[in-house]
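**Q** Below is one structure. I have some questions about it.
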Amino acid sequence: MKITDVRVRVIGSESRLKGVATITFNNSFVVHDIKIIEGESGVFIAMPSKKMPNGSYRDIAHPINSETRKLLEDAIIAEYENVLANPEANVEDDE
């Protein structure tokens, strides 16, 4: 599995949610709505989830081991930091 694209949209708010990422694998599979959250010890990612009838949340898609989670988190956080450092270079076209 190879990460072939990472896109980050920064959220300009005072909440803990700092951005939303989309990641593509092998130019053929995409996962949207990965949240970038500010925690007590820095930013981390939260995989897309849905609210269950009992009020808890369940991940829709997620890595099944810690190595893959770290790979995803490192790629997304690196792109998030790149977007913060170069906001004018990361404007998406609406075409």
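**Q** Quick one: in the stretch 11-36, of everything that is surrounded by 15 or more Cβ atoms within 10 Å (Cβ to Cβ) and β-branched (V, I, T), which residue is farthest from I64 (Cα to Cα)?
**A** The qualifying residue farthest from I64 (Cα to Cα) is V20.
**Q** Among the numbered criteria (1) without any contact (Cβ under 8 Å) to a residue 24 or more places away in the chain; (2) over 11 Å from I76 (Cβ atoms); (3) not charged (D, E, K, R), which single criterion is violated by M1?
**A** Evaluating M1 over (1) without any contact (Cβ under 8 Å) to a residue 24 or more places away in the chain; (2) over 11 Å from I76 (Cβ atoms); (3) not charged (D, E, K, R) leaves (1) as the failure.
**Q** Of the residues E38, E81, E88, E73, which single one is in a helix (DSSP H, G or I) and more than 16 Å from V6 (Cα to Cα)?
**A** Criteria check complete, one pass: E88.
**Q** Looking at the stretch 13-35 only, could you name the residues that are outside any strand (DSSP E or B) and either out of contact with any Asp or Glu (no Cβ under 8 Å at 6 or more places or on another chain) or farther than 16 Å from L72 by Cα (or both)?
**A** S13, E14, S15, R16, N26, S28
For every residue, the table says whether it meets (1) of a type in the set (V, I, T); (2) at pLDDT 95 or above; (3) touching a strand residue (DSSP E or B) at 6+ places or on another chain (Cβ under 7 Å).
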| site | (1), (2), (3) |
| --- | --- |
| E40 | no, no, no |
| P53 | no, yes, no |
| Y57 | no, no, yes |
| P63 | no, no, no |
| E79 | no, yes, yes |
| D93 | no, no, no |
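**Q** Checking P48 against (1) surrounded by 12 or more Cβ atoms within 10 Å (Cβ to Cβ); (2) more than 15 Å from A75 (Cβ to Cβ); (3) more than 13 Å from the chain's Cα centre (by Cα): exactly one of these is not met. Which one?
**A** Evaluating P48 over (1) surrounded by 12 or more Cβ atoms within 10 Å (Cβ to Cβ); (2) more than 15 Å from A75 (Cβ to Cβ); (3) more than 13 Å from the chain's Cα centre (by Cα) leaves (3) as the failure.
**Q** Something else: Test T24 against the criterion of being modelled with pLDDT under 95 and β-branched (V, I, T), and give yes or no.
**A** Judged against the criteria, T24 is not a match.
The values are calculated or read from the model by the stated rules, or taken from the named source; none is laboratory data. Computed from a predicted model, the values in this text were never measured in an experiment. As a convention, Cβ positions derive from the backbone with ideal geometry for all residues, glycine included, and neighbour counts pool all protein chains shown.
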